[in-house]
Amino acid sequence: MKILVINGPNLNMLGIREPDIYGSDTYEGLCKMISEHAEKIGVEVEIYQSNHEGSLVDKIQEAYKKADGIVINPAAYTHTSVALLDALKAAGIPAVEVHISDVSKREDFRQISYVRLYCEKTIAGHGFAGYLEAMDYLKEAAKQ
Ligand code: DQA
């Protein structure tokens with residue numbers, strides 16, 4: 001099984017950006033956690049980050065017929081991007097939405113998520129562990 005993990009804008013700044021909200025662990029630390037977990041549960045993983053909406057769309061399109069699951073934290077594009085929603089629908093790959101922070105307890109503008117309309121599940125507020133939970137979910141769901 002191949003899982004694609006996609007991270008949107010500013011997540012490369014983890015560890016530096018707003019540590020009171022996102023913690024002090026770095027993006028490299030997140031990638032390491034994801035890779036180690038993939039090995040542990042026996043899945044292949046590719047991790048991708050971009051600050052550009054179109055590049056994120058390209059990556060989702062490229063996954064068509066290649067990836068078996070997508071874990072996506074679209075970051076700020078969660079709340080604005082119909083293009084990411086449409087790309088997920090076009091690729092048709094089971095997907096889980098992840099947020100490090102609990103977006104439901106934050107500003108009003110963070111209460112909308114376009115990708116949620118496609119994703120099978122949303123995990124928010126579990127920190128980096130949310131990515132690992134999403135991978136476990138996709139692995140289990142693929143067995144059904
Ligand atoms: C985020 C929440 C978004 O609202 C924000 O724009 C981010 C990160 C999270 O992981 O908690 O950049 O997706």
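Of all residues in the stretch 53-85 being β-branched (Val, Ile, Thr) and away from the ligand (no atom under 16 Å from the Cβ), which is nearest to LYS143 (Cα to Cα)? Applying the filter and picking the extreme gives ILE60.
Among the residues making up the stretch 35-74, those that are in contact with a helix residue (DSSP H, G or I) (Cβ under 7 Å, 6 or more places away or on another chain), surrounded by 17 or more Cβ atoms within 10 Å (Cβ to Cβ) and part of a loop (DSSP other than H, G, I, E, B) are VAL43, SER50, ALA63, ASP68, PRO74.
So is SER113 within 11 Å of the ligand (Cβ to nearest atom), out of contact with any Gly (no Cβ under 8 Å at 6 or more places or on another chain), assigned to a loop (DSSP other than H, G, I, E, B) and over 17 Å from MET135 (Cβ atoms) or not? So SER113 fits the description; yes.
Considering only the stretch 8-34, how many residues are assigned to a loop (DSSP other than H, G, I, E, B), within 12 Å of the ligand (Cβ to nearest atom), out of contact with any Asp or Glu (no Cβ under 7 Å at 6 or more places or on another chain) and open to solvent by less than 70 Å² (accessible area, probe 1.4 Å)? Selection size over the stretch 8-34: 4.
The values are calculated or read from the model by the stated rules, or taken from the named source; none is laboratory data. Bear in mind that the values here come from a model prediction, so they are computed numbers and not experimental data. With ideal geometry, Cβ positions are generated from the backbone for all residues, glycine too; neighbour counts draw on all protein chains shown. All accessible areas refer to the heavy atoms of the entire protein, side chains included, with ligands and DNA or RNA removed. Shrake-Rupley method; radii C 1.70, N 1.55, O 1.52, S 1.80 Å.
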